[in-house]
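In what follows, a structure is listed as structure tokens, so that the remarks can point back to it.
The values are calculated or read from the model by the stated rules, or taken from the named source; none is laboratory data. Please read these numbers as outputs of a predicted model, since none were measured by experiment. Methodologically, a virtual Cβ is constructed for each residue, glycine included, from the backbone with ideal geometry; neighbour enumeration extends over all protein chains shown. Accessible surface is based on the protein model in full, side chains and every heavy atom, while ligands, DNA and RNA are left aside. Shrake-Rupley method; radii C 1.70, N 1.55, O 1.52, S 1.80 Å.
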Amino acid sequence: MRNLLSMIVLTFVAIVAKGQDLQLNDREYFERQGVNVLVFSNSFNGGFNDEKNSGIEIIHHGVRTVQGGAVRLNNTPEQWDLVPKMTSRKVDRENGSIEVGLRYDDYDFDSRIIVTAKGKAVEIAVWLDKPVPEKLAGDAGLNIEFLPSQYWLKTFTVDGRLGRLPRYATSQTITRPNSEKPRQFKGFKTYDDRGTGRFIDPLPIETGHQFVMATDDPSRMVKISSEDAELKLFDGRMLAQNGWFVMRSVLPAGKTGKVITWTVEPHAIPGWIREPNIGFSQVGYIPEQPKVAVIELDKTDTPKATASLMRIKPDGTTEKAYEGDIQSWGPYFKYNYVKFDFSSVKDPGVYYIQYGNTRTNDFLIDEHVYDKITDATTDVWVPIHMNHMYVNEGYRTWHGEPFKEGYLQAPESDHFDLHSQGASTDTKYKPYELIPGLNIGGFFDAGDFDIETGSNINVVQNFIRTWELFKPQRDETFVSQKQRYVDLHRPDGVPDILQFIEHGTLNLVAQAEQIGHMSQTLSNSILDNYHHLGDAASITDGLHYDPSLKPYEVSADGKRSGTPDDMWAFTNRNPQLDLRAATMFAAASHALKGYNDDLAERALTQSKRLMQEATEMIKNGQTGGGRDEFSWLDGTEQTSIANPRQQGAQPDKKRQKLLERSRKNREQLGDMATNLMLYSATQEKQYLDNFTAQIWDALELRLSGNMQTALDAVPYMDEAYKQKLRPYVEKYEQYIKSFDTNNPYGVPIGLGNWAGVNMVLNFGITVNYAHIYFPDIVAKDEVYRVANWLYGCHPYHNYSFVAVVGAARPKQVFYGNNRADFSFIPGNVAPGLLFRRPDHFENYDDWPFLWGQNEGTIAGNTQYIIFGSSLKGIVNK
Ligand SMILES: [Ca+2]
Ligand SMILES: [Ca+2]
Ligand SMILES: [Ca+2]
């Protein structure tokens, strides 16, 4: 009996001990409850270099607080500092270790990192087969980075000494000669040295052999120690606001073998279970809509039997309005999901959800909850993104008039925002020559200040669509092109949407007139003003660049300077882009007629000319650079949707034939959506015929991607078209429903490096129009799927992805151009949930700087206006 008891006790102790140790799991990361250590599950991808998303990462009690573990060449690497290429990744289950090979091609420098589970800790060791190259000695080191917003104001110790991590970066720096700076991405420079020839190098905050980070917070405490190397703690925010706290050890010179060993032990709170994340709509619900909360649970959590909907009565007291069963959905990636359906509650009021000990913030059930969902976007976000204007709001200036000196012809060059200028300019201008007239109209791209021509074409199209579908008369913005002045919340007698169409068209028409065709982009010439955070008017000095002057020198008349900060126009001709512009110009001309006849006329002239020239160029085989024009046919959208339960369709012979025919038709007749838009602008029947000749094949090939175009045609077509479309809409309804089994949230969820709100918005708009034209097939209940997702029913947290009017808890930080203030611009739509391999969705709401999850774009936010406007129209009908 005694023996048996001690055996049981021993077994129990063994299980507990095992449960406390880090284990290499099936998904190839180290895991114990509360701690995940990932080793290059996400590698540096090179697009924008260091995106703070890669290397050795720690997900600590549900939050990814540590990343960037790798051999790096700087004390505090910036975004465009070189990142290592991962040359190999080996998982050794027997020894519980993961080994990665890292390489810097620029320096012919290879290293290996081996991470091994050692009880509650991991050992991180750097191995060298050849010594560190001489040029990198003293610079190459083992780094790992801590998320400032989760560590600032926390206490730490270094070899027993006490410290507190600063809220703001104010540590010390030195300068060193530029010749000692490791090369940056493509040889660009992130900094303006003001003619000193020296770069800034931060000094460590602290140095020692054992650090304990966050001694005052068990959920963030991490112990790092090294016997063979000195550990230094730096503040990466000294050089760049998006920098992290960096722990690093410099690699010893002249040594090979195991050159550095760290022991890293993230603390785990005993018995920790992640707090349930109750997803619901922060905007609230209208009485008759379905109301289903999705509750995200730790996989070790036991679901409760019921949840309650509590009502806050007008006198401030609380009563239980409803108690209902919890329904299981099942596992999706790393968590387990259950649902709580409270659709039966229809009385208007203020409510919250109580699930076990977790209660949500309150929300409304009311007829009017969706009434204002687009107002912040149209009244605030869009006008603030108007380029070449002074933008005022009350006492606040959002920005002065940017880029007064205009745009120079770009010389042959590579670029840091994914563009390039080829050897020929394709214009009459010489490199660095001023192209007149481009500093007018247009919208800032996103968190940066360039004019992406393709995006701006989309923007004008989105506004035109909004105008033609909904004719919104809302006038809350004063726009004076003459004064180059925008004043928010000041009506001026003109519907704002018309003024936005005009503003976008002004820049695009100027491009066509001055350059002769569409530019790829009007963008920064130097990297050190591309990452500008502040007033857009101060990005450049407003003076024409004059190379005969010295840098920072201003001419006697005060009009020219030797500072090469002027923006560039990237002008290589792409007839596909010209065609897109031509279509948009035709539609803009139609929309602007009667409001700005002169601009309408100019747009039509450019439309006809570009259409003719581009068609000719394409016939002659000049397709220009750019993306695959046939992407609308393939399955790229589908393959990026997280769908662990289904497989994609296989290509077959019939499909091949259809594909061939579609390509041919498209070549001869032009893009079908373009034709449809041209028909709407000109009423010329040939365009409608060109559309009709292609739409059915397109629906056969890719139903989900082409349904929107098919629906857009309904107002122009007869009853027979609608009848022929019916079976496709029926299939589309099955596609909508398929998301109920695909994931717990019922919408397409993207896994790309950009979190994919555009895909969700596209889906939402298509569902809305399928319901409007075929309400007997696509029920009204379906239109709330995307609204729920956007406004808070999604993984990770339950904040609204839209900084929208009406939301009780919108996100509070976005990657807008005011991101250095940890703020937002009202009406912004975040991309949403960024997927980190192999199983983690994330959306920081205390750290704005990851563009993949927090950057709103001008094209996406204007797409949101269409989604929101159509939803309001359906709800209020
Ligand atoms: Ca950009
Ligand atoms: Ca107005
Ligand atoms: Ca200038």
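Entry remark, the stretch 490-534: residues being within 28 Å of Y429 (Cα to Cα), modelled with pLDDT of 95 or more, touching a Phe, Trp or Tyr at 6+ places or on another chain (Cβ under 8 Å) and of a type in the set (D, E, K, R) number 1 in total.
Taking every residue in the stretch 539-552 that is under 15 Å from D528 (Cα atoms) and pairing it with any residue that is assigned to a strand (DSSP E or B) and within 16 Å of ligand 1 (Cβ to nearest atom), at least 6 positions away or on another chain, the pairs with Cβ-Cβ distances below 9 Å are I539/M567; T540/M567. Total residues in the stretch 785-817 satisfying the condition of being free of Cβ contacts under 8 Å to residues at least 60 places away in the same chain and among the polar types (S, T, N, Q): the figure is 1.
Of everything in the stretch 370-383 that is surrounded by 24 or more Cβ atoms within 10 Å (Cβ to Cβ) and among the aliphatic types (A, V, I, L, M), the residue that is nearest to Y322 (Cα to Cα) is I373. If the condition is being under 18 Å from G852 (Cα atoms), surrounded by fewer than 22 Cβ atoms within 10 Å (Cβ to Cβ) and touching a Pro at 6+ places or on another chain (Cβ under 8 Å), then the stretch 723-757 contributes only W754.
In the condition set (1) within 16 Å of ligand 2 (Cβ to nearest atom); (2) loosely packed, with under 15 Cβ neighbours inside 10 Å, F478 is compliant with all but (2).
Being closer than 30 Å to P303 by Cβ and either hydrophobic (A, V, I, L, M, F, W, C) or out of contact with any Gly (no Cβ under 7 Å at 6 or more places or on another chain) (or both) is the requirement here; does N277 meet it? In short, yes. In the stretch 48-162, counting only strands (runs of 3 or more DSSP E) that sit wholly within it, the ones holding 3 or more residues that are open to solvent by 20 Å² or more (accessible area, probe 1.4 Å) span 85-92, 109-118. Looking at the stretch 385-420, which of its residues are open to solvent by less than 10 Å² (accessible area, probe 1.4 Å) and within 16 Å of ligand 2 (Cβ to nearest atom)? H385, M386, M389, V391 - these are the residues of the stretch 385-420 that are open to solvent by less than 10 Å² (accessible area, probe 1.4 Å) and within 16 Å of ligand 2 (Cβ to nearest atom).
The criterion of at least 1 residues that are polar (S, T, N, Q) and either under 30 Å from P270 (Cβ atoms) or open to solvent by less than 50 Å² (accessible area, probe 1.4 Å) (or both) is met, among strands (runs of 3 or more DSSP E) falling completely within the stretch 184-230, by 206-208, 210-213, 222-225. For the stretch 709-722, filtered to residues that are in contact (Cβ under 8 Å) with a residue 40 or more places away in the chain and open to solvent by 30 Å² or more (accessible area, probe 1.4 Å), the residue that is farthest from Y735 (Cα to Cα) is Y716.
The residue list K559, K550 contains one member that is within 11 Å of ligand 3 (Cβ to nearest atom) and basic (K, R), which is K559. A single member of R465, R484 is away from ligand 1 (no atom under 16 Å from the Cβ), under 30 Å from the mean Cα position of the chain (by Cα), open to solvent by 50 Å² or more (accessible area, probe 1.4 Å) and touching a residue at least 60 places away in the same chain (Cβ under 8 Å), and it is R465. Can you find even one residue in the stretch 523-532 that is in contact with a Pro (Cβ under 9 Å, 6 or more places away or on another chain), aliphatic (A, V, I, L, M) and away from ligand 1 (no atom under 15 Å from the Cβ)? Scanning the stretch 523-532, I find no residue that is in contact with a Pro (Cβ under 9 Å, 6 or more places away or on another chain), aliphatic (A, V, I, L, M) and away from ligand 1 (no atom under 15 Å from the Cβ), so the answer is no. In the stretch 430-456, the residue that is farthest from ligand 2 (Cβ to nearest atom) out of those that are among the aliphatic types (A, V, I, L, M) and surrounded by 22 or more Cβ atoms within 10 Å (Cβ to Cβ) is I435.
Residue check: K872 meets all listed conditions (1) charged (D, E, K, R); (2) in contact with a Lys or Arg (Cβ under 8 Å, 6 or more places away or on another chain); (3) touching a residue at least 60 places away in the same chain (Cβ under 8 Å) but one, namely (2). Scanning the stretch 492-502 for residues that are open to solvent by 20 Å² or more (accessible area, probe 1.4 Å) and either within 16 Å of ligand 1 (Cβ to nearest atom) or within 18 Å of W398 (Cα to Cα) (or both) yields a count of 0. So, of the residues in the stretch 312-344 that are within 36 Å of the chain's Cα centre (by Cα) and either at pLDDT below 95 or of a type in the set (A, V, I, L, M, F, W, C) (or both), which turns out to be surrounded by the most Cβ atoms within 10 Å (Cβ to Cβ)? Applying the filter and picking the extreme gives F340. Beta carbons closer than 7 Å, at least 6 apart along the sequence or on distinct chains, pair a first residue in the stretch 441-462 that is over 11 Å from G504 (Cβ atoms) with a second that is within 16 Å of ligand 2 (Cβ to nearest atom) for F444/H385. Flag: L239 matches the condition of being within 25 Å of S823 (Cα to Cα) and out of contact with any helix residue (DSSP H, G or I) (no Cβ under 7 Å at 6 or more places or on another chain).
Looking across the stretch 540-590 at every residue that is more than 30 Å from E468 (Cα to Cα), of a type in the set (G, A, S) and away from ligand 1 (no atom under 16 Å from the Cβ), the one that is surrounded by the fewest Cβ atoms within 10 Å (Cβ to Cβ) is identified as A556. Summed over the stretch 397-412, the residues that are away from ligand 1 (no atom under 16 Å from the Cβ) and touching a strand residue (DSSP E or B) at 6+ places or on another chain (Cβ under 9 Å) give a count of 11.
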